[in-house]
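Enquirer: Before I ask anything, here is the structure I am working with.
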Amino acid sequence: MKILVCISNVPDTTTKVKFTDGDTKLDTAGIQWVINPWDELSLTRALEIKDDASSGVKSVTVAHVGPVTAEPTIRKALAIGADSAIRVNAEPSDAYFVAAQLAEVVKQEQFDIIMCGIESSDYNGSMVGSMLAEMLNIPSISAVSNLKVENEKPIVTREIDGGKEVVSTSTPFVAIVQKGIAKEPRIAAMRGIMMARSKPIKLYEPVAVDALTSYKKFELPEARPACKFVDAENAKDLIALLQSETKLI
Amino acid sequence: MSVLVYTENWDGKFKKVSFELISYASKVAEMLNTDVAALSIGNVANDELQKLGGYGASKILSVENDNAKVFDAQNYTGIIAQVAEKIGAKVIIIANNNTGKAVAPRLSVKLKAALGASVSKLPLSVSPFTIYKRSFSGSAFSDVELKTDIKIITLAQNSFELIETANNATIEKVDINVDAPKTEVIDVQKQTGKLLLTDAEIVVSGGRGMKSPDNWGPLVELAEVLGGATACSRPVSDEGWRSHEEHTGQTGKIIAPNLYIAVGISGATQHIAGVSGSKYIVAINNDKSAPIFEVAQYGIVGDAQKILPQLVEAAKQVKGK
C-alpha cells in the first residue's frame, strides 16, 4: 500500500505579510517558507502508519506543485522521513490548477491513500484535496482527525458538528486532514537530513490547465480601534460597558 | 438562471447559518436580477422548509433519498450538481463549514465552476464576478475574480446579517437518482444539547494564564450566565486542561462570534488567526504588553482569578440571575 502526502509551501505562520506591485502580489522578501502546518501533521501520521508493520503501508511519498525554489521544503519532508518526493514544475496559479497537476501524478503513480491538509495557511481555500478526489472520481473524507490502517483497510475518524464519526471507505481515497491527526509534527533528525540528500525528487512537467480564478488585489485588515481599558479593581464595569456599547449582553 | 443555496439541516432542523445563507443569496440574486432557490437534502418537514421562504427563497427543492442518509461528499456533490443543472443555477452558495468545505470544491470540478471560499461580504461586482475573502489566515483579505460561467461561493459563518422578507415560497419534492454511498459509518460519538462553539454568539476562552485546570470554574460560569460557549488556546488543550474540541486558533477551530472574551491568552498570531473574525474582542491579561490587547476593543490588565468572579457577579445582575 502506498500513501501520498500533498504538501504546500507557505510563509511561516508568524509572518507579517506585505504586498507589492500595487497590492497584487505577495512580497516574498524575507519570508521563511515552511511546510503547511496541516500537511506536516499529515506526513507525520503517514509515517507513523508506515512504521506499524501491520498497516500494510510500504511507502510514503510527498508531492508538491511549485517552482524549484520550493525544493528546501521538499527536502525537509524527505528529512522528516518521506521515502521519495515528486515536484510538478509549475507556478501554482489556483487550487484547480494545483489539483489537476496532482491528479496527473496520482494517475501515473497509483496511490492508495492520498492525504491533503484541510487548508493552506496562505490562500485558505480548503479546496485542493476535494478537487483532486473529484477529478479522480474517488471518495474523499473531510475534517479527518484520525486515520488508522489495519491490514490495508483504512478506518477514518471525521469531525462532525458536536462530535465525531468513525467511517470506512474504499481505496483509493483522499483524506483531508485537520487538527488531531498527529500530536506534534515529527522533527527531522540528523540522520534523516543526511539521508534526504540522496533521496529522489522526481520531476513532472505540468499539464496544461486554465485556472478558474484569479487574485486581483490584496489588502490588510482594517486596524481595530484602540483598546478601551477598564480598571481591574472595577472589573464589573466591563459588563456595563459591553451592555451599553455592544448591545450583546 | 438563478441563485441556488444548499441549506443543510441538523436532525431535520435548520440553524441560523441556513438563514444567513438565504439572506446573503437574496442580496446576490438582487445584484443579478434573479431569484433564489434553496436545496434541502434529507427528511425535513414542510413547515421547517417553509422557514427558508422567510429570508427570501422563492422556491424550495427538497431531495429525500435513503442513499443520502450518510454524508458522502461525492454523493452530495452529485445531488447538488443535478439540481443546479436542472434549474440552470449560475451562482451556488454553500456554508463554509465542514460540509461546505467537503462538497464545494468537488462541485467546482464537476460543474467546472470557479469557487470563492470563505467569503465574508457580498460580491464586489458581478461583472466581472469578484468576491472578497479571507487570506493568509486572517492577516489579509483578497479580491478574487471567479472567471467561469457558473460560480460557487462558500460564506464564512456569522459574516452576514439575517434579512427577513415576506414568505411566499413554493416547496417542490425533487426525485433524484442517488448512488449507494461509498462512506460507511461505523460509530458516532456526539454530544447533544450542548451549544456548539462554532454556533455560539458569545465565547469565553481561557489560555495558559488561567494557570491550572482547577481554575476554570468562574470562566465556565461566566459563559453560562452570558449564554455562551467556552473555548481555549492551544497550550491549554495540548496540556489536556480542556478538551481538544475547545481549541480555537489557526490549527483548531476558526470561530467568528459576536463577542470573544479572551482570558489569560497572550494572543499569538496563530491564536488570533482563529478569532479575528469576531465582532468584538475583550482581553483580560496580567501583561499589559500582551499582543492580544492590539486586537481587543476592551481590556482589563490584572489577575484573571480576581477579575472573573467580579464579571460573573455583574453579569448575573444584568441577566437577572
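Per-residue answers, yes or no, for (1) under 17 Å from A:Arg45 (Cα atoms); (2) in a loop (DSSP other than H, G, I, E, B); (3) of a type outside the set (Lys, Arg):
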{"position": "A:Gly180", "(1), (2), (3)": "yes, yes, yes"}
{"position": "A:Ile187", "(1), (2), (3)": "yes, yes, yes"}
{"position": "A:Arg191", "(1), (2), (3)": "no, no, no"}
{"position": "A:Leu203", "(1), (2), (3)": "no, no, yes"}
{"position": "A:Lys216", "(1), (2), (3)": "no, no, no"}
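Enquirer: Pick from B:Asp72, B:Asp47, B:Asp66: which is acidic (Asp, Glu) and buried (at least 23 other Cβ atoms within 10 Å of the Cβ)?
Expert: B:Asp72
Enquirer: Would you confirm whether any residue within segment A:220-238 is away from every other protein chain (no Cβ under 11 Å), modelled with pLDDT of 95 or more and outside any loop (DSSP other than H, G, I, E, B)?
Expert: No, segment A:220-238 contains no residue that is away from every other protein chain (no Cβ under 11 Å), modelled with pLDDT of 95 or more and outside any loop (DSSP other than H, G, I, E, B).
Enquirer: Just to confirm my filter: which strands (runs of 3 or more DSSP E) fall fully inside segment B:140-236 and include at least 2 residues that are surrounded by fewer than 18 Cβ atoms within 10 Å (Cβ to Cβ)?
Expert: Numbers: elements: B:140-146, B:151-155, B:170-173, B:183-190, B:202-206, B:229-232.
The qualifying strands (runs of 3 or more DSSP E) are B:170-173, B:183-190.
Enquirer: Another question about this same structure. For a quick check of your reading of the model, give me the residue pairs whose first member lies in segment B:105-120 and is within 20 Å of B:Val28 (Cα to Cα), whose second is among the basic types (Lys, Arg) and part of a loop (DSSP other than H, G, I, E, B), with beta-carbon atoms closer than 8 Å and at least 6 apart or on different chains.
Expert: Close Cβ pairs (under 8 Å, with a partner that is among the basic types (Lys, Arg) and part of a loop (DSSP other than H, G, I, E, B)) amount to B:Ala114/B:Lys147.
Here is a yes/no grid of residues against (1) buried (at least 17 other Cβ atoms within 10 Å of the Cβ); (2) over 18 Å from A:Ile35 (Cβ atoms); (3) more than 7 Å from chain B (Cβ to nearest Cβ):
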residue	(1), (2), (3)
A:Glu91	no, yes, yes
A:Gly129	yes, no, yes
A:Glu134	yes, yes, no
A:Glu152	no, yes, yes
A:Ser170	no, yes, no
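Enquirer: Still on this structure: Please go through (1) in a helix (DSSP H, G or I); (2) closer than 20 Å to A:Leu43 by Cα; (3) small (Gly, Ala, Ser) for A:Ala143 and return the number of the only condition it doesn't satisfy.
Expert: Going through the list (1) in a helix (DSSP H, G or I); (2) closer than 20 Å to A:Leu43 by Cα; (3) small (Gly, Ala, Ser), A:Ala143 breaks only (1).
Enquirer: Separate question: From the set of residues in segment B:286-302 that are among the aliphatic types (A, V, I, L, M) and assigned to a helix (DSSP H, G or I), which is nearest to the other protein chains (Cβ to nearest Cβ)? Give the derivation first.
Expert: Step one: of segment B:286-302, the residues among the aliphatic types (A, V, I, L, M) are B:290, B:292, B:295-296, B:300-301.
Those still in the list that are assigned to a helix (DSSP H, G or I) too: B:292, B:295.
Working: B:Ile292: 9, B:Val295: 6 Å.
By that ranking, first place goes to B:Val295.
Enquirer: So for segment B:114-124 (the condition being polar (S, T, N, Q), within 12 Å of another protein chain (Cβ to nearest Cβ), assigned to a strand (DSSP E or B) and within 25 Å of B:Thr198 (Cα to Cα)), does at least one residue qualify?
Expert: There is at least one residue in segment B:114-124 that is polar (S, T, N, Q), within 12 Å of another protein chain (Cβ to nearest Cβ), assigned to a strand (DSSP E or B) and within 25 Å of B:Thr198 (Cα to Cα).
Enquirer: Being more than 23 Å from the chain's Cα centre (by Cα), at the interface with chain B (Cβ under 7 Å from one of its Cβ atoms) and not aliphatic (A, V, I, L, M) is true for just one of A:Lys247, A:Lys216. Which residue is that?
Expert: Values: A:Lys247 fails: at the interface with chain B (Cβ under 7 Å from one of its Cβ atoms).
Only one candidate passes the filter, namely A:Lys216.
Enquirer: Among the listed residues B:Gln305, B:Gln317, B:Gln270, which satisfies the condition of being assigned to a helix (DSSP H, G or I), facing chain A (nearest Cβ under 9 Å), in contact with a Pro (Cβ under 9 Å, 6 or more places away or on another chain) and surrounded by fewer than 21 Cβ atoms within 10 Å (Cβ to Cβ)?
Expert: Just a single option satisfies the conditions, and that option is B:Gln270.
Enquirer: Given the conditions (1) at pLDDT 95 or above; (2) closer than 19 Å to B:Ile186 by Cα, which single one is not true for A:Glu152?
Expert: (1)
Enquirer: Just to be sure I understand, how many residues within segment A:29-47 are surrounded by 12 or more Cβ atoms within 10 Å (Cβ to Cβ) and part of a loop (DSSP other than H, G, I, E, B)?
Expert: 2
The values are calculated or read from the model by the stated rules, or taken from the named source; none is laboratory data. The shown structure was predicted, so the numbers you read here are calculated from the model rather than taken from an experiment. Reconstructed Cβ throughout: ideal geometry from the backbone, glycine too, with neighbour counts over all protein chains shown.
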